[in-house]
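Rule-based calculations on the coordinates, nothing more; no lab input. This structure is a prediction, so every number in the text was calculated from the model and none was measured. Cβ: placed from backbone, ideal geometry, glycine included. Neighbour counts: every protein chain shown.
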Amino acid sequence: MSADSFAVIQAQAVVWNDGSLGCPEPGQFYTQATVNGYQVIIEVNNKKYDYHASESGYFILCENLFQPLVPQETPDA
């Protein structure tokens with residue numbers, strides 16, 4: 001990979017709401033305490049990758065954040 005095809009889009013310190021680091025997986029259980037950490041979004045060959053990390057060094061690629069949300073229908077009143 002050349003340096004031209006790689007860019008850091010965003011890097012910031014965050015406080016995650018729980019141990020899922022903002023990227024929960026169905027069927028998994030997480031600590032319910034806040035977790036200090038980081039979010040780093042990089043772009044490689046025009047594709048964005050969203051990494052979430054804790055201060056202790058654990059990190060994950062959060063793959064579902066860049067997919068558009070599906071609007072939910074509301075029942076007629």
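Structure values in brief
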{"read-out": "Volume in Å³ per residue [convex hull over Cα atoms, computed for the range 3-61]", "value": "82 Å³"}
{"read-out": "Cα centre as origin, Lys/Arg/Asp/Glu Cβ charges: the range 3-61 dipole, Debye", "value": "60 debye"}
